[in-house]
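FYI, it's all coordinate maths here, none of it is from the lab. Only a predicted model underlies this, so the values are computations on that prediction, with no experimental measurement involved. A quick note on method: Cβ atoms are made from the backbone with ideal geometry, for glycine too, and the neighbour counts reach across all protein chains shown.
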Amino acid sequence: MYPVIRMIKELVKHRNAAPLPITGTHVSQHVCWPHDIDLWMELNNGRTLTLYDMGRIPLAHRIGLISVLRRKKWSLTMAGVSVRYRRRIRTFERFEMRSRAVFWDDKFVYLEQSMWKQDGECANHALYRSAVTDSKGIVAPARVLDAMGFDAAPPEAPEWVQKWIDADAVRPWPPMQD
């Protein structure tokens, strides 16, 4: 089940947080609760992806995107993700989440998110491809930024991000059915 109450808590908690620049980092604190764990008593990999919403949505609010989405009747969607899991997050363990936009092109915004343990180790790291949509499909990031009052060229894509974009471009779609 989607953690609606947790999302509301995050939105209320960060509602008056200082605005961030487009590539600013939103930092939030979380706990791995018993309903987040798998059979090995650690944060479930699927739940990790859901919990990353707790960073992306407040980030979108702090950069001014949420008000534009409401005004324009636009939506957010995810178009891809790559996750690297390296350290376990156990039940009741506290962790910090960091979320930021790292690059955008003519269709997508690429978001980097990570979860950090209290000892300073990175537990996992995700790169998301996200898009703003309307009734006709994808809204170009340049148009979204314009609606937000920004006139910013995209930053240069970090090499690892560009390589992921390039690799995903040659991935077959639809996938093989054999």
**OP:** Do me a favour and compute the ellipsoid semi-axes for segment 9-111 from its Cα gyration tensor, root of five times each eigenvalue, largest one first, whole Å.
**Re:** 26, 16, 12
Subject >> Debye log10 I(q)/I(0) for the chain, one point scatterer per Cα, at q = 0.09, 0.10, 0.20 Å⁻¹ >> reply: -0.34, -0.42, -1.46
Subject >> HN-Hα J in Hz across segment 82-96 - Karplus 6.51, -1.76, 1.60, θ = phi - 60°, x for Gly and Pro >> reply: 10, 10, 10, 9, 10, 9, 6, 10, 8, 3, 6, 6, 8, 8, 10
Original post:
Given labels modelled 7 Å from the Cα in the Cβ direction, how far is it in nm from Ser135 to Lys163?
Top reply: 4.4 nm
Subject >> Under the Karplus curve 6.51 cos²θ - 1.76 cosθ + 1.60, θ = phi - 60°, whole-Hz ³J(HN,Hα) for segment 113-128, x wherever Gly or Pro sits >> reply: 9, 8, 10, 10, 6, 5, 7, x, 7, 7, 7, 7, 8, 10, 10, 9
Original post:
Reachable lysines from Lys117, Cα under 24 Å, same-chain residues fewer than 8 places away excluded?
Top reply: Lys9, Lys13
**OP:** With unit charges on the beta carbon (Lys/Arg positive, Asp/Glu negative), name the residue among Ala101, Ile63, Gly80 whose Cα is farthest towards the positive pole of the charge dipole of segment 61-139.
**Re:** Ile63
Subject >> Distance in nm between pseudo-label sites at Asp178 and Asp146 (7 Å out along the Cβ direction from Cα) >> reply: 4.7 nm
**OP:** Normalising by the residue count of the chain, find the relative contact order in percent from Cα pairs under 8 Å and 6+ residues apart.
**Re:** 21 percent
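Quick check: net charge around His125, other residues with Cβ under 11 Å of its Cβ, Lys/Arg +1 and Asp/Glu -1?
+3
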Subject >> Separation in nanometres of the label points that stand 7 Å from Cα toward Cβ, at Leu76 and Met1 >> reply: 2.3 nm
**OP:** Output ³J(HN,Hα) for segment 54-71: one whole-Hz value per residue in order, computed from phi by the Karplus curve 6.51 cos²θ - 1.76 cosθ + 1.60 with θ = phi - 60°, and x for Gly and Pro.
**Re:** 5, x, 5, 5, x, 4, 4, 5, 5, 8, x, 6, 4, 5, 5, 4, 5, 4
Subject >> Theoretical ellipticity at 222 nm over the chain - DSSP helices of four or more residues, -39500 (n - 2.57) apiece, nearest 500 >> reply: -8500 deg cm²/dmol
Original post:
How would you rank 109-122, 22-35, highest first, on the average number of other Cβ atoms within 10 Å across their residues?
Top reply: 109-122, 22-35
Original post:
Do the alpha carbons of any pairs in Lys107/Lys163; Lys73/Lys107; Lys136/Lys163 sit beyond 22 Å of each other, and which pairs?
Top reply: Lys136/Lys163
**OP:** Determine, for each peptide in 166-178, 91-103, 37-49, 54-66, the mean count of other beta carbons within 10 angstrom over its residues, then list the peptides with the highest first.
**Re:** 54-66, 91-103, 37-49, 166-178
